[in-house]
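Heads up, the thing below is written out as structure tokens.
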Amino acid sequence: MSKVEQKKETKKYKWDIVWLNVVLLGVLHILAVYGYTQRFKSKLQTLIFIKTFRFLANLGVTAGAHRLWSHRSYKASLPFQALLATMMTFTYQNSIYIWCRDHRLHHKYSETDADPHNAKRGFFFSHVGWLLVRKHPDIIEKGKTIDMSDLKANPVVMFQHKYYLFLVTLLAFVFPAFVPWYFWNEDGWNSILGSVASYVVSVNLTWCINSLAHLYGEKPYDKTIGPTENTLMRYIGIGEGFHNYHHTFPSDYRASEFGFETRNITAGFIDLMAALGQVTDRKTTPKDMIEKRATRTGDGRFGTQFYNNLKSMA
């Protein structure tokens, strides 16, 4: 397609705002800000419970929807899949099936109009704006080409997909607000605010992988792509901040060259479940392949002090 044709194609597409999503996410963020200011009124048990709940929810996304079901980077027993599906439902980030379809699309057509959260449209769009507008026609068209046969044959994934609205209402909102109120007499309003605030913080951390880790950072493995090794996300992303590596070697279960020793909590969690017999066939990338690729396409930081600092982050 010529530059003129591309320009015409771009003009044809106009953002169609989904006002229901704007209002919903707007209200949730306003409640979250207010809830955060009121957190000191909550009981200690409530704060501990909410942090634990959201930590498990994040693992449901990183270890489950992302590394297991999107990339098939390891195999999991049926009980562990059920646990991961439950944890992922805590997050209110769409069903596993839709999450994985969009993520596979994101990898195949990264930073094009077929990428659901195309970072070339700017920080706001890649962070949250993509959820506030109708999908680009390319996303719908290319999405039909993504092979989802493995997930269609997965009973855990399809059960969660079929009953998603009921499950997410119960697990993502009712459950975290109900537990503190019922079991240790937390104020009901504090329970609700705490649940909403923790959800908003959690989901924004996930969105940072789409925005920060696609716009700011280093590219020791492949300088020709957008995803980066983002310092902030390496510390708060429980193992998802090594994004340049992940897009270069997407089938590696660690989503990084390194494991738990570099605060890759998700990799450590998968390793723990492997030790307990719930995980098998963890895929990794051979070191010589990593080195050859980084030497050929990286930005020159591989093997330097920057690289050595990554290995000594623990």
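A single entry from Asp252, Asp222 fulfils the requirement of being of a type in the set (Asp, Glu) and closer than 22 Å to Phe123 by Cα: Asp222.
Based on this model, can you work out whether Arg254 counts as under 23 Å from Trp99 (Cβ atoms), surrounded by 23 or more Cβ atoms within 10 Å (Cβ to Cβ), at pLDDT 95 or above and among the charged types (D, E, K, R)? Criteria met by Arg254.
Could you please let me know if Leu20 is more than 16 Å from Val196 (Cα to Cα) and modelled with pLDDT of 95 or more?
So Leu20 fits the description; yes.
Among the residues of segment 28-54, just one is of a type in the set (D, E, K, R) and not in a helix (DSSP H, G or I), namely Lys43.
Against the criterion of being crowded, with 22+ Cβ neighbours inside 10 Å and of a type in the set (A, V, I, L, M), Leu212 qualifies. Out of curiosity, is Ser198 within 30 Å of His243 (Cα to Cα), part of a helix (DSSP H, G or I), at pLDDT below 95 and of a type in the set (S, T, N, Q)? Yes, satisfied. Of the residues in segment 169-192, at least one is crowded, with 19+ Cβ neighbours inside 10 Å, among the charged types (D, E, K, R), over 17 Å from the mean Cα position of the chain (by Cα) and not in a helix (DSSP H, G or I).
Counting only residues that are within 20 Å of His247 (Cα to Cα), at pLDDT 95 or above and not assigned by TED's automatic domain parsing to the domain that holds Gly268, give me the helices (runs of 4 or more DSSP H) lying completely in segment 55-145 with at least 1 of them.
Helices (runs of 4 or more DSSP H) meeting the threshold: 96-108, 123-127, 137-143.
Just one of the numbered conditions (1) more than 28 Å from Trp19 (Cβ to Cβ); (2) touching a residue at least 12 places away in the same chain (Cβ under 8 Å) is not true of Asn210: (1). Quick check on Glu186: is it charged (D, E, K, R) and touching a Gly at 6+ places or on another chain (Cβ under 6 Å)? Considered against the rule, which asks whether it is charged (D, E, K, R) and touching a Gly at 6+ places or on another chain (Cβ under 6 Å), Glu186 comes out as no.
The values are calculated or read from the model by the stated rules, or taken from the named source; none is laboratory data. Keep in mind that what you see is a predicted model, and the values were worked out from it rather than measured. Neighbour counts run over all protein chains shown; Cβ positions are idealised from the backbone, glycine included.
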